[in-house]
Amino acid sequence: MKKDNSQDCMHQMLAIRDTLDVISGKWKILIIVALLDGNKRFKEIEASVLKITPKVLAKELKELEQHQLIKRTVFDDYPVRIEYSVTPYAKSLKQIVNSLYKWGLNHRQQIFKQ
């Protein structure tokens with residue numbers, strides 16, 4: 001019986017580790033939140049995510065694209081226009097984002113009331 005519980009626990013930890021590997025860090029989830037609000041160009045994302053540098057934003061966007069969470073679309077305009085959007089797959093993170101938001105509000109209240 002204990003082996004099953006141990007294996008279940010390990011399976012849960014692996015799944016959580018995979019999730020954290022994809023969305024962890026200071027910026028990824030904030031970029032996703034900015035894009036859940038609608039398609040944006042690079043400078044618009046940079047303005048939405050306070051204190052992120054262009055170099056870090058470019059790196060994070062590439063990683064999110066590799067994980068199929070965002071899509072980069074190049075429009076053949078003059079000048080060339082590039083927009084970023086969330087994929088349908090990334091929209092599955094909405095519930096997690098909402099839970100993080102609610103937990104963060106509660107945590108702030110808990111900490112600041114002391």
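None of the figures in this text is laboratory data; all of them are computed from the coordinates on show. Source: prediction; values computed, not measured. All Cβ positions, glycine included, derive from the backbone under ideal geometry; neighbour counts span all protein chains shown.
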Revision key, fill the gap. In degrees, nearest 10, the alpha-carbon axis of helix 54-66 is tilted away from the dominant principal axis of the alpha carbons of the chain by 70
Point to revise | Value of relative contact order over the chain, rounded to a whole percent, pairs C-alpha under 8 Å and six or more apart | key: 23
Point to revise | the chain: most fluctuating residue of Leu20, Leu57, Leu30 per GNM, C-alpha cutoff 10 Å | key: Leu20
Check your understanding: Going highest first, how would you order 100-111, 68-79, 41-52 by mean Cβ packing within 10 Å?
Key -> 41-52, 68-79, 100-111
Point to revise | the range 14-84, Rg to Rh (Cα coordinates; Rh as Kirkwood inverse mean 1/r) | key: 1.00
Study note, to complete from the structure: With the dipole of the chain defined by +1 on each Lys or Arg Cβ and -1 on each Asp or Glu Cβ, the option from Trp27, Ser85, Trp103 whose Cα lies farthest towards the positive pole is Trp103
